[in-house]
1. Inspect all residues belonging to segment 65-78 and state whether any of them is within 13 Å of the chain's Cα centre (by Cα) and either more than 18 Å from Thr16 (Cβ to Cβ) or among the aromatic types (Phe, Trp, Tyr) (or both).
2. Looking at (1) touching a residue at least 24 places away in the same chain (Cβ under 8 Å); (2) open to solvent by 40 Å² or more (accessible area, probe 1.4 Å); (3) in contact with a Phe, Trp or Tyr (Cβ under 8 Å, 6 or more places away or on another chain), which is the one condition that is false for Leu20?
3. Looking only at segment 122-150, which residues are surrounded by 13 or more Cβ atoms within 10 Å (Cβ to Cβ) and either part of a helix (DSSP H, G or I) or among the basic types (Lys, Arg) (or both)?
Amino acid sequence: MKNIVLIGFMGSGKSTIARLLADKLDKATIDSDDYISKNANLSIREIFNIHGEKYFRKLEKDFIDKFSKEKDFIIATGGGMPIFNDISTLGNRFYLKADFDRILQRIQEQNDSKRPLFDNIDRAYNLYTERLTIYEKHCNYIIDSNTTEEIIVESILEKLYKES
């Protein structure tokens, strides 16, 4: 089976849905940011601070090159990966599309300090609106992720089964 690749803005549910899909399909899941951070032995924030964004985007490209040759993974990408890199070879791409208010609510509920972008809500919103059409352009399917995790997973599975 081709990889299932989840794209979308931070807080859209990519990591959570990847884990749920992996359990349901008995597949391995991988989060690109976690993978990059572990291999660099630095947090994403530290990679940006020490080496800069250009270096981080190169690490994302290396991730894409590696996992484009793999199958049967459920991949949760970082929010910027499809913005700065060609992800078309990774697998079936599902855009988890959530309203900004829903994303903001999720991040506030998680009290997630790993998301410094949300220290400035206006900047986060502007970035969100800039990326909407790019996510749509780089996906095979758009999935409404304003709903429950169960419905999101079922929507993805439905698209997969129609394809096969």
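1. no
2. (3)
3. Ala124, Tyr125, Leu127, Tyr128, Arg131, Leu132, Ile134, Tyr135, Glu149, listed by residue number.
The values are calculated or read from the model by the stated rules, or taken from the named source; none is laboratory data. All values derive from a computational prediction rather than experimental measurement. Every residue, glycine among them, receives a Cβ derived from its backbone with ideal geometry; neighbour counts consider all protein chains shown. We work out accessible area using only protein heavy atoms, side chains counted, and drop any ligands, DNA or RNA first. Shrake-Rupley method; radii C 1.70, N 1.55, O 1.52, S 1.80 Å.
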